[in-house]
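Only the coordinates and a few stated rules stand behind these numbers; no lab work does. Keep in mind that what you see is a predicted model, and the values were worked out from it rather than measured. Here the Cβ positions follow ideal geometry from the backbone for every residue, glycine too, while neighbour counts run over all protein chains shown.
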Amino acid sequence: MKNKKIVIANWKMKLSVFESLALARKIVDKMRDMEDIEIVLSPNFLALPGVGEILKGTPIAMAAQDVFWEMDGAYTGEVSPQLLREAGCSYVIIGHSERRKFLMENYEMIHRKIKKTLEAEVLTPIICIGENWEERKTDRRDFVLFDQIQQALGGIKVADSRRIIVAYEPIWAIGSGTAIEPEEAEYAHKVIKLTLNDMFGLAMVESNFRIIYGGSISAANVAGFSDLAGVDGLLVGGSSLDEEEFFKVSQAIAK
Ligand code: PGA
């Protein structure tokens, strides 16, 4: 699984259903034959079934932007891993900083979502972590990353067959238009990897985990990230909303 890098388009709540379907079609036309990269599109909940139809029979996969921690029951407004699978998802983003901020998602909620997703064995979680500017400025980044990983994955048993993606997204870089320096991303990825190694052992981390970067990646700055050994892929927001830009980013990281 380590061979191919992965690039995930996070469309957030920026497109209508109609626009999501149109963009998915354009991306399929342009990128379905890219064999040296794994491509994942993450539309809003309502666009999932439609985009899923468009992606059928192509190597492009789909991710949801959130999931609930129970499989079924009286949980008004929530969506389970199994329902996402039915809609055609094979990945799910969990714990994005925008949800932590606007929906008050806390460590426990994120932990439960990850646990249930892994137990359900139908989706690969993409777990978002990252420090804010204050934490970065006061030299607490390493601890914050360590803590967020522990809170997210502590006590969870990872079966051999399960895959997990950890997305390092420094909050201060998201949507800012400026990615962090590639060297800084490389360093943070090392911290994440060492923490995971401690928790799960080297062999398990090598075979089951991927660590990707997210935060203002664009065609203009992606080159700096494409040669970094510890960066297994990218989570792309703004630059995934245009098929040409997203293609350029994917092409650069595939190398
Ligand atoms: P951005 O978003 O690329 O627009 O900074 C990334 C993300 O939030 O996943």
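Tabulated results
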{"item": "Convex hull of the range 15-57 built on C-alpha atoms - directionally averaged projected area, nm²", "result": "2.9 nm²"}
{"item": "Additional length obtainable on full extension of the chain from Ser207 to Ala229, 0.36 nm per residue less Cα span", "result": "6.4 nm"}
{"item": "Among Gly175, Gly57, Gly95: highest mean-square fluctuation, GNM of the chain, C-alpha pairs under 10 Å", "result": "Gly57"}
{"item": "All Cα pairs of the range 23-173, percent lying beyond 19 Å", "result": "56 percent"}
{"item": "Long-range HN-HN contacts of Arg210 with modeled amide H, under 5 Å", "result": "Ile164, Ile165, Val166"}
{"item": "Choice from Glu184, Glu243, Glu86 showing the highest fluctuation, given a GNM over the chain with Cα pairs closer than 10 Å", "result": "Glu184"}
{"item": "The chain: C-alpha pair distances exceeding 35 Å, %", "result": "8 percent"}
{"item": "The range 80-97 - phi-based ³J(HN,Hα) in whole Hz, Karplus 6.51/-1.76/1.60, Gly and Pro as x", "result": "8, x, 5, 5, 5, 4, 4, 6, x, 7, 10, 10, 8, 7, 10, x, 4, 4"}
{"item": "Taking the C-alpha atoms of the range 163-216, convex hull volume expressed per residue in Å³", "result": "70 Å³"}
{"item": "Computed E for Lys101/Ala159 - FRET, C-beta separation, R0 41 angstrom, nearest 0.05", "result": "0.80"}
{"item": "MRE, 222 nm, helices only [DSSP H, n ≥ 4, -39500 (n - 2.57), over the chain, to nearest 500]", "result": "-12500 deg cm²/dmol"}
{"item": "Pairs of lysines in the range 135-255 (C-alpha under 26 Å apart; 8 or more residues apart or interchain)", "result": "6"}
{"item": "Efficiency of FRET between Phe143 and Leu194 - r from beta-carbon atoms, R0 22 angstrom, step 0.05", "result": "0.95"}
{"item": "Cut-off under 5 Å, modelled amide H: who pairs with Asp66 long-range", "result": "Ile93"}
{"item": "Distance histogram for the range 158-255 (every C-alpha pair counted, 5 angstrom bins, percent rounded to whole numbers)", "result": "2, 14, 24, 22, 17, 11, 7, 2, 0"}
